[in-house]
Amino acid sequence: MRENRPYTATRNACKMCTPLGAALAFHGIEGTIPLLHGSQGCSTYMRRYLISHFKEPVDIASSNFSEETAIFGGGANLKTAIQNIARQYNPEMIGIATTCLSETIGDDVDMIIESMGDIMKETALVHVSTPSYSGTHVDGFHHAVRAVVDQYNPSGVKNRKNSRARKKINLFPGMLSNEDLRHLKAIFKDINTELALLPDYSERLEGPSWMEYQSIQHGGTPIKEIQKMHRATGSIEFGTILAASVERGNGSAGSLLESRFNIPLASMGIPIGVKATDRFFSLLEKMTLKMIPKKYKEQRGRLIDAYVDGNKYVSKKRAIVYGEEDFVAAMAGFLAEIGIIPVLCASGGKSGLFIESLRSILPENIFKQVSIHQGMDFTDMEEHARTLMPDLAIGNSKGYTMTRHLDIPLVRVGFPIHDRVGGFRTLHIGYKGAQQLFDTIVNTLLQKRQDASEVGYSYM
Amino acid sequence: MKQISAKKLLLPSSSTGSISILEERKQQVYLKGNDTFEISCEKKSVAGSVSQRACVFCGSRVVLYPIADALHLIHGPIGCASYTWDIRGALSSGPELHRMSFSTDLSETDVIYGGEKKLEKALVELIETYSPKAAFVYCTCIVGIIGDDVEAVCRNVALKSGIPVLPVHSEGFKGTKKDGYKAACDALFKLIDLGYRRSSFHYPDILRDGKQKIPLSINILGEFNIGGETWIIREYYKRMGVEVVSVMTGDGRVEYVQSAHRACLNVVQCSGALTYLAKTMEAAYGIPYIRVSYFGIEDTADALYDVASFFTEAQEIMERTKHLVQEEVEELLPGLEEMKQDLTGKRAAIYVGGAFKAFSLIKALRHLGMEVVLVGSQTGNREDYELLKEMCRPGTVILDDANPLELAKYVIEKDAHIFIGGVKERPIAYKLGIGFCDHNHERKIPLAGFEGMLNFAREVHDTVTSPVWDLVPRKAGRSSSIQIPVKGEKP
């Protein structure tokens, strides 16, 4: 693995900044408006970025720094912003994320919030520190989830375990698609187990057409569910890198509940592919003592049959996989199980845990063939990919420039998808998600072969 | 902490009464025929309002972005570069360096120890690799705080590399998007002036007696070649016999920008962004300027006539212009007339960056028989709003620096059929079952000039006449094309 990129500058970044992840996570909480403490542009750019993916209104407020604010501190602006949001949106919660600007001038947001006293009785204020120069959007996302869990489950609160609450499971899925989140909810419904899914933007960021204006769209994890998280049977957290980072002493929402309330935490990779989904279901069986419904076994059966039908078209094909580290790791695991070699696994993230994570997921013979790069941008990726003879790339739409230059097809998954409709509806997880991914990948390869063929057979 | 009440989040049905206008914003929301106050504008957005505006950096970035053979390096943490990568539909006929996103990607240690060294190293490497004709270094918020001496780094690298390396003082918090335009204009002027000084060094006599001017020539300012618009407009001037020295910045090249001082006239579109540069050039080189718009038939024709009448020494230009306009309009009208039949009486809402575009859009929509019920801009000034008040019919809502809540409130109240705006306005329109036309930087279709008017009409027509609105709950049952049987009624 190359740690040091040859270029000092980042050229076509494969990452976004921390506050974006926080803003997205806050959108997954009922009645919540994100507020970025910084310049107007941060909010507007991130709104535009998220709107272009979700095709839904994504309101993000700003404390709107001016030159004077930068000199004298952002306290007054932040207070005004909070009050104006409360008046216009009447939210349950305002999720306040900092930016590089407010972090660098050293605003003490907690103190500013505290100094507002009881003015904000109707609206909870949750603060997360997200300096844009540290980490990526993924970190911002996880930090926001942890901050919310932290605030609503303070140390002093009584860990009252009644029999009803005991059956409940907290699930921290990370940055998944709307369809992924809906699939998770359906699974829990099918095994008749209560779920606290945090965050859950699947309704808010993919709702029906409106009869009248909704200042805050319906949906999101209800705050009263978050408040009860310390009474759950256990927590599940997706992400091998997130788990490894917890082991290194970094906090996560799940680890916080574990250390503060002894809620057992089970961590696993994002369940993409048969093997990872098997692990997820067996974990569920263990935690809930419930049998997995027949429906899912049938899905699994059809999926493996499909793998068999398509094996020749994918075997030994070479893929570039990129995006968030945890997403890439899980996707690489899936590719390995269908016979595709993820010759290049790349991420703009730089956790230092990427290699180990992939080593734990990939079989040894595959792992040896994989070139792994953290902190990589798309221009480096493109240059490196030229030496690897890839057949296709799998990742978000930002890789299009690269795949166009490389003249290979791009299978669009993950976030963001800016150049297609419905990216937020892509199902990645579970047997059903693997089925859809498998079909898309096989068909992409078939189309490439068919288009390139001089004969152009109308059979496979 | 408050307990949840799901009901509270529901607004009363069929009403927008619960959308309140913030007290501080009441002077920025004007109802023609009802209100009489002067619209408050050109002020900072209220903290906590979800303004549709961006920041200083955004203003600079949009203006300079289309210069295709320059390096655009964004000095700051990664976000500002990520969110503006390949963001505009600004086309280039040659190099495409502008479509890459370069960032110094500042990390925690850079913030602590300063980013100057990293900036210098990044610049040197990138200039070596991509051989740009000039480099722009955009300062983002944090640079203004950690105090990097970007000027010094740029000077250094310029000396080493032999190309102009220009700092753009676009720290996000140092004003509004308009200040970003100004910072971009400053950088552009520096570039032009370098060209001016270079040529006066080589040809001092020629410059002194004024012969450096290219006869019958103009610069096009504030035209960004979205979807190829610059090419359309250049072609008109070519047919008129007017030489275009440089376009700032559509399909832009450093070399041509540096020759801009040789033009006889600056023709400024998108008044908000580049009027400042035109004024600066007038003061420095005595080049007069006029303000025009290329959106809509009337404004495009006016623009060409205004330019033609400037060159009194060449009467044939006016003759050619008249011929051109006549030819173009004749070709255009049948298509427009056909669409007009479906569009007559439909109501439109407009929310755009600069007010100048709004003027043109109002005229263009009237041409299609449509009525404007809401019009607003992010950066309009006092004169702009006075003119809007004059242009609009009673009952029209005029907004400065609006937010999604206000926009939604008035498009519902005014029952608009189409919303004309940018990406951030699109979901507001669509969620409420209203058609949408993108008139912002991200569009890929040329809407300028005569053929642009036809494209615009098609865009409007396509969305307004789409059958999907019949299925949208807010509109269902209102339409004549689908009858939903109501209980007790015979279908």
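Could you pull out the residue among A:Pro19, A:Pro34, A:Pro6 that is in a loop (DSSP other than H, G, I, E, B) and more than 7 Å from chain B (Cβ to nearest Cβ)? First the steps, then the outcome.
Working: A:Pro19 fails: in a loop (DSSP other than H, G, I, E, B); A:Pro34 fails: in a loop (DSSP other than H, G, I, E, B).
Exactly one residue qualifies, and that residue is A:Pro6.
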Hey, A:Arg182 hits all of (1) touching a Lys or Arg at 6+ places or on another chain (Cβ under 8 Å); (2) at pLDDT 95 or above; (3) of a type in the set (Lys, Arg) but one; which does it fall short on? (1)
Identify, by number, the condition in (1) touching a residue at least 60 places away in the same chain (Cβ under 8 Å); (2) outside any helix (DSSP H, G or I); (3) over 16 Å from the mean Cα position of the chain (by Cα) that A:His428 doesn't meet. (3)
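Just for the range A:47-63: of the residues that are in a helix (DSSP H, G or I) and more than 7 Å from chain B (Cβ to nearest Cβ), which one is surrounded by the fewest Cβ atoms within 10 Å (Cβ to Cβ)? Reasoning before the result, please.
Within the range A:47-63, the subset in a helix (DSSP H, G or I) is A:47-54.
So of that shortlist, the ones also more than 7 Å from chain B (Cβ to nearest Cβ) come out as A:50, A:53-54.
On the way: A:Leu50: 24, A:His53: 20, A:Phe54: 23.
Top of the filtered list is A:His53.
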Filter pass, A:Ile187 being farther than 25 Å from A:Ser357 by Cα and either modelled with pLDDT of 95 or more or touching a Ser or Thr at 6+ places or on another chain (Cβ under 7 Å) (or both): yes
Against the conditions (1) crowded, with 24+ Cβ neighbours inside 10 Å; (2) aromatic (Phe, Trp, Tyr); (3) more than 7 Å from chain A (Cβ to nearest Cβ), where does B:Phe37 fall short? Just the number, please. (1)
Take the conditions surrounded by 20 or more Cβ atoms within 10 Å (Cβ to Cβ), over 16 Å from the mean Cα position of the chain (by Cα), under 21 Å from B:Ala355 (Cα atoms) and not assigned by TED's automatic domain parsing to the domain that holds B:Tyr294 and apply them to B:Ala402. Does it pass? yes
Considering residues of the range A:142-157 that are without any contact (Cβ under 8 Å) to a residue 40 or more places away in the chain and either within 13 Å of chain B (Cβ to nearest Cβ) or not small (Gly, Ala, Ser) (or both) only, the residue nearest to A:Phe261 (Cα to Cα): A:Pro154
Subset of the range B:138-164 [within 14 Å of chain A (Cβ to nearest Cβ) and either outside any helix (DSSP H, G or I) or farther than 23 Å from A:Glu103 by Cα (or both)]: B:Tyr138, B:Cys139, B:Thr140, B:Gly147, B:Asp148, B:Val153, B:Val157
For B:Ala135, indicate whether it is away from every other protein chain (no Cβ under 13 Å) and either part of a helix (DSSP H, G or I) or within 25 Å of A:Thr379 (Cα to Cα) (or both). no
Residue set B:Leu126, B:Leu191; condition touching a residue at least 24 places away in the same chain (Cβ under 8 Å) and in contact with a Ser or Thr (Cβ under 9 Å, 6 or more places away or on another chain); output residue B:Leu126
If I filter the range A:280-289 for residues that are outside the structural domain of A:Ile372 (by TED's automatic domain parsing) and of a type in the set (Phe, Trp, Tyr), do I get at least one hit? yes
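The values are calculated or read from the model by the stated rules, or taken from the named source; none is laboratory data. These numbers come from a predicted model, not from an experiment. Here Cβ is always computed from backbone atoms with ideal geometry, including for glycine, and neighbour counts include all displayed protein chains.
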